[in-house]
Amino acid sequence: MNFLLQIFAFRYLQQHEETKNNYPEWVDVFFKAFVAALIFFIVQIVFDGPDVFLRWIAHIINLGIVYAAFKIPVFNPIKIYVNAFFPVVAIDFLEDLTILINKDFYASYETWYGTASLFAWIWLFAQFIINRRQRKALEEERIKASQKEFEIKKSQKLQSELEIQVAERTSEINAQKEELIKTLNELKSMQS
């Protein structure tokens, strides 16, 4: 399962807009990492022999992803997802470490590890659902803000056009007023 998390993480990083815009040189690196994780996953499924070796490779890569998400800016887009899948990674790592150090201890607490793993996966899926809803709500708010900004620009344009029309009409009225005053003065001077 560790390689599945890596496949998801590297694919997400490769396709994320922030990566494409700010770190285009990393897009190819993330694609290669995605392919490597996919190959490791297939090898892990097909061959039983190197399973322990591949699990430790997966642990090292996953812990590297967790570290990178908090220390390397190009990995920032997956910080939320790392928070979601860290319990799965940590429990899986502790489980394999316990097996490596003391199999008898692991055997006596195997159900505890299984339960912890189950809850870690529930946490992971719950976080993905929550994050998805938040992203949808954020996107809706962004669209509303964009529409509101468009309406504000449109009203500002109409206001400036209206101000121009008012200024033109005021100038016409003032010209007519001056002309009427001039005509009135001429009439008064003719009558006197």
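No value in this document is a laboratory result; all are computed from the given coordinates. Treat the numbers as computed from the prediction; the structure is a model and nothing was measured. Heads up, the Cβs are rebuilt from the backbone with ideal geometry, glycines too, and the neighbour counts pull from every protein chain shown.
Applying both filters, DSSP loop and at most 10 other Cβ atoms within 10 Å, to the chymotrypsin sites (Phe, Trp or Tyr not before Pro) of segment 45-109 gives 47.
For segment 58-148, the relative contact order comes to 27 percent (Cα pairs under 8 Å, sequence separation of at least 6). Between 0 and 90 degrees, the angle of helix 24-46 with respect to the longest Cα principal axis of the chain falls at about 30 degrees. Bridgeable lysines around residue 153 (alpha carbons under 25 Å apart, same-chain partners fewer than 8 residues away excluded): 144.
Short-range pairs are left out: with C-alpha atoms under 8 Å and at least six residues apart, the relative contact order of the chain is 16 percent.
Using the alpha-carbon atoms, what tilt in degrees (0 to 90, nearest 10) does helix 2-15 show relative to the longest principal axis of the chain? The angle comes out at about 20 degrees. Pairs from the table (32/79; 71/103; 20/157; 79/136) lying more than 24 angstrom apart at Cα are 71/103; 20/157. Taking 0.36 nm per residue of separation and subtracting the current Cα-Cα distance, fully stretching the chain between residue 172 and residue 110 would add 13.2 nm. For segment 80-126, the relative contact order works out to 59 percent when only alpha carbon pairs closer than 8 Å and six or more residues apart are counted. Between the Cα long axis of helix 79-101 and the first principal axis of the chain there is an angle of about 10°, rounded to the nearest 10. Each other residue within a Cβ distance under 13 Å of residue 120 adds +1 if Lys or Arg and -1 if Asp or Glu, for a net charge of -2. Cross-link reach is defined here as a Cα-Cα straight distance under 26 Å, omitting same-chain residues fewer than 8 places apart; for residue 188 the lysines meeting it are 177.
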